[in-house]
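Encoded as structure tokens, the structure appears first; notes follow it.
The values are calculated or read from the model by the stated rules, or taken from the named source; none is laboratory data. These numbers were taken from a predicted model, which means no experiment stands behind them. Reconstructed Cβ throughout: ideal geometry from the backbone, glycine too, with neighbour counts over all protein chains shown.
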Amino acid sequence: MRGAAMYASQQSISMPNTLIEKHAPLVKRIACHLINRLPACVQLEDLVQAGMIGLLEASRNYDEGQGASFETYAGIRIRGAMLDEIRKNDWAPRSVHRKARMVAQAVRDIEHQEGRDARDTEIASSLEISLEEYYKILQDNSYHKILSVEELCIGEESILDSISDNSPGILDGLQRDDMQRVISEAIASLPERERLVMALYYDDELNLREIGAVMGVSESRVSQIHSQAVIRLQARMANRLKEGQ
């Protein structure tokens, strides 16, 4: 991250300092919020440095005519810069991503054929692996996948990649709202336990240990349920986008 720190330092020389100084605490606040939801190998300092770059870029590109306040706009750019840094330094072996895609494909096939939620045993059987191996895939995936609800992926492509914070207006508000509606509907269609985990994690912002205490299961089991929910959403969003083509 030394290069990032140097870039931030160089850029700040030519920037008006007012917005940056006023909103610097926002960077630390977002970083502290994210760090509690990330693996231990991610360092708070790295997130803060990436977030400062996002703040600097936000101060350059902000347009009052877009309607959002600077804090709202900067918050999106800061968080996006942090997530970009995490993705750039993705520690997950390729096998983890490959197996997750295989699970998502199995879920798509089963749910398309059966017209209902794919069961764990059915997914494992489709992949010709044991249930224990299937849960291991979910566990591995949960350790490496950094996702928020609005950044659910299909393969390795973000559903909302086309809504770029670097290019305001690339999609109009109706299209963004429609995509968010589709995602919300997909989440609402999840099995009850997966839906509960998603709600506690994203809406109530509990960590996996806290969710486990609420549900009366282990943290590792919550991690598996969360990973399975994300993969199921990937599968269902892939189908929805395919149907809309």
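Taking Leu208, is it of a type outside the set (S, T, N, Q) and closer than 28 Å to Asp109 by Cβ?
Working: of a type outside the set (S, T, N, Q): yes; closer than 28 Å to Asp109 by Cβ: no.
Here the answer is no, as Leu208 does not meet what is asked.
Condition first: in contact with a Phe, Trp or Tyr (Cβ under 6 Å, 6 or more places away or on another chain), free of Cβ contacts under 8 Å to residues at least 12 places away in the same chain, surrounded by 12 or more Cβ atoms within 10 Å (Cβ to Cβ) and assigned by TED's automatic domain parsing to the domain that holds Glu219. Can you find one or more residues in the stretch 106-129 that meet it?
yes
Would you check which residues across the stretch 51-90 are touching a Pro at 6+ places or on another chain (Cβ under 9 Å) and either outside the structural domain of Arg29 (by TED's automatic domain parsing) or among the charged types (D, E, K, R) (or both) and list them?
The answer is Asp63, and nothing else.
Test each condition in (1) surrounded by fewer than 21 Cβ atoms within 10 Å (Cβ to Cβ); (2) touching a Leu at 6+ places or on another chain (Cβ under 7 Å); (3) under 27 Å from Ala188 (Cβ atoms) for Gly75 and report the one that comes out false.
Tallying (1) surrounded by fewer than 21 Cβ atoms within 10 Å (Cβ to Cβ); (2) touching a Leu at 6+ places or on another chain (Cβ under 7 Å); (3) under 27 Å from Ala188 (Cβ atoms), Gly75 fails exactly one: (1).
Under the condition of being closer than 18 Å to Glu85 by Cα and of a type in the set (D, E, K, R), which residue from the stretch 1-47 is modelled with the lowest pLDDT?
Arg2
If Lys99 meets every condition in (1) in contact with an Asp or Glu (Cβ under 6 Å, 6 or more places away or on another chain); (2) buried (at least 20 other Cβ atoms within 10 Å of the Cβ) apart from one, which number is that one?
Of everything listed in (1) in contact with an Asp or Glu (Cβ under 6 Å, 6 or more places away or on another chain); (2) buried (at least 20 other Cβ atoms within 10 Å of the Cβ), Lys99 misses just condition (1).
Within the stretch 79-120, take every residue that is closer than 30 Å to Pro25 by Cβ and among the acidic types (Asp, Glu) and give me the one that is modelled with the lowest pLDDT.
Here is the first cut: in the stretch 79-120, the ones closer than 30 Å to Pro25 by Cβ are 79-91.
The next check asks that each one be among the acidic types (Asp, Glu); those that pass are 84-85, 90.
On the way: Asp84: 82, Glu85: 82, Asp90: 62.
Top of the filtered list is Asp90.
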